[in-house]
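The values are calculated or read from the model by the stated rules, or taken from the named source; none is laboratory data. Predicted, not measured: the structure shown is a model, and the values here were computed from it. With ideal geometry, Cβ positions are generated from the backbone for all residues, glycine too; neighbour counts draw on all protein chains shown.
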């Protein structure tokens, strides 16, 4: 028996794959964070599930309940944005301590509903249960697209890696205990998927996202630390490791990346390693590579 804090998320997910369905899926378990299947009448459904845990992803000591709901749904929709999907339906499962008051729960759902209405997502139900704590929100989101998305597993050596905007802002906001009322990059995701790029959301940090691409496809990446765009005030280290960002990281042939106007920062390689280099090409040691679940 191996403890999860020694096994790590990637190895845990790999061990679960034999127990999950693969037949009939355009993108199945292990290939990406979202599942995709084709519909009989045409088009594709994209599905994803995301959890927000009190004390890990949100803190009601400085966040309003409405902000907790808004943020949880923003981050859950990142996988739909990465696959170019138009949101359709969502389900919410809430586990809350019995000593919470109902106004707190209604506030969380108010934030969820406000963002859902903004992006055209319909909250269709879910579940509520009690817990001694901490509280948790588990969100299942569905979306549709007419084009089959490209999974992380489709990434190839020689492709360019790029991002939709500056990184590190989420880390700065968290350090300052400042809520960011952000929107998921849904329109940008549709455009980038139409351009034939493979995209992922930066939920656990840029380097961690590139490691997910490497695990699924075998293609590593050489990251130019000076080329990674940074939010104002963010350090290069924060730009590499900051999680819960709404920006999308995309990979594709160099000419396709250039045509989209994205900010390129690296090149995919055949060795499966994610390395950071300085402007002279020397490898840089990075202590914090992003959020690692169970570690």
Segment 12-44 - residue that is under 18 Å from the mean Cα position of the chain (by Cα) and in a strand (DSSP E or B) and, of those, surrounded by the most Cβ atoms within 10 Å (Cβ to Cβ): 32
Exclusive hit being within 30 Å of residue 260 (Cβ to Cβ), in contact (Cβ under 8 Å) with a residue 60 or more places away in the chain, in contact with a helix residue (DSSP H, G or I) (Cβ under 6 Å, 6 or more places away or on another chain) and surrounded by fewer than 19 Cβ atoms within 10 Å (Cβ to Cβ), set 153, 162: 153
Strands (runs of 3 or more DSSP E) lying entirely in segment 103-190 (those with 2 or more residues that are over 21 Å from residue 74 (Cβ atoms) and either modelled with pLDDT under 95 or assigned by TED's automatic domain parsing to the domain that holds residue 274 (or both)): 160-163
